[in-house]
Amino acid sequence: MDRNSIDWFGPLPALTTPFDTQGNIDETSFGDNVERLIAAGSTGFVVAGCTGEFWSLSAAERERFYKLAVEIVDGRVTVIVGTGAVTADETVRFTKMAEMAGVDGVLVLPPYFIKLTDDEIYAHYEEVSKRTEAPILLYNIPANAVNALSPDLVARLADIDNVVAVKESSGDWNNFYKTLIAAKDKIRVFCGPSSIYGVPAATLGADGFIDCFPNVWADGGRPLYDAAMAGDTGKAATLQATGRRLTDLFTSEGRTLYPATKAAMDMLGFPGGGTPRKPLQPLTGEQRTGLERGLAELGLL
């Protein structure tokens, strides 16, 4: 497999996982968010990734969530699900669950918590590929996973049979651009923090965006991608500035990204928000009122 084995492109929102008051997955709210974003022009979704609080889901919940996403989307757009875990055995287990559910691909983190060498990371992905069949989207998010997929390592991993794409979420433009240059001829490259530098990423050849911020934009973030691809610099600059300000708003004054995303969705009347799972805490007090004030100042509320 390689970049030509798939047709993934454009804005693929990283979906939140909504929970009901008992802490169960709210399947109706999840489905409503999927429908909203498909109508807004999303070309696919990433389910049970970092934004989806995958680390809080039991194995049974992850399996059910894979099936649910496929059922709701029903072939209309791409469905990629997170199957990453610390060990190859566990990653293979989740990947086979995803294959049985009928997903289009799997998002695989490098093993996390324990610091590894590049060779150890490579061996992990190679084993997962040999034991599974689904197209693999590499996931570089070293701030969360500890282990980084450097541009040189991504170029090596691109030669593994099932690897077809990478989500580059380092937040470092130089690292993203080096990865794009090193790997784009072999695999597809998706920009993670598109709210920060999605426009230059797309302009220089990124295949699309995978980000949490489409969850809080009424248009699902599609215009950011379209403006960049069309060379509409004025519109692209305005939208990129809004994304930059949203990023700052969601991660300042004691707020963190995922609880802020869910709180903003609730404030904006969008489905898919609600309470994050512990140890994350919902926003309260000034954190919440400051978020609401910021959304209003940006003209989104």
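The values are calculated or read from the model by the stated rules, or taken from the named source; none is laboratory data. Values in this document were obtained by computation on a predicted structure and should not be read as measured data. Note that we place each Cβ from the backbone using ideal geometry, even for glycine, and neighbour counts take in every protein chain shown.
Worth a mention:
- Filter pass, residue 5 being over 21 Å from residue 95 (Cα atoms), at pLDDT 95 or above and in contact with a strand residue (DSSP E or B) (Cβ under 7 Å, 6 or more places away or on another chain): no
- Just one of the listed residues (118, 161) is more than 22 Å from residue 52 (Cβ to Cβ) and touching a Leu at 6+ places or on another chain (Cβ under 7 Å), and it is 118.
- The condition (being acidic (Asp, Glu) and modelled with pLDDT under 95) is satisfied by just one residue among 219, 248: 219.
- The single condition among (1) within 19 Å of the chain's Cα centre (by Cα); (2) in contact (Cβ under 8 Å) with a residue 24 or more places away in the chain that residue 5 does not meet is (1).
- Residue in the stretch 280-292 that is under 21 Å from residue 36 (Cα atoms) and of a type outside the set (Val, Ile, Thr) present: no
- Qualifying residue in the stretch 107-124 (condition: closer than 28 Å to residue 257 by Cα and in contact (Cβ under 8 Å) with a residue 40 or more places away in the chain): yes
- Cross-chain or 6+ apart pairs with Cβ under 8 Å, the stretch 259-284 first and more than 11 Å from residue 215 (Cα to Cα) and in contact (Cβ under 8 Å) with a residue 40 or more places away in the chain, then buried (at least 16 other Cβ atoms within 10 Å of the Cβ) and of a type in the set (Phe, Trp, Tyr): 274/19; 275/19; 276/19; 276/258; 277/19; 280/258
- Positions within the stretch 270-292 being over 12 Å from residue 254 (Cα atoms) and surrounded by 13 or more Cβ atoms within 10 Å (Cβ to Cβ), in sequence order: 270, 271, 272, 273, 274, 275, 276, 277, 280, 292
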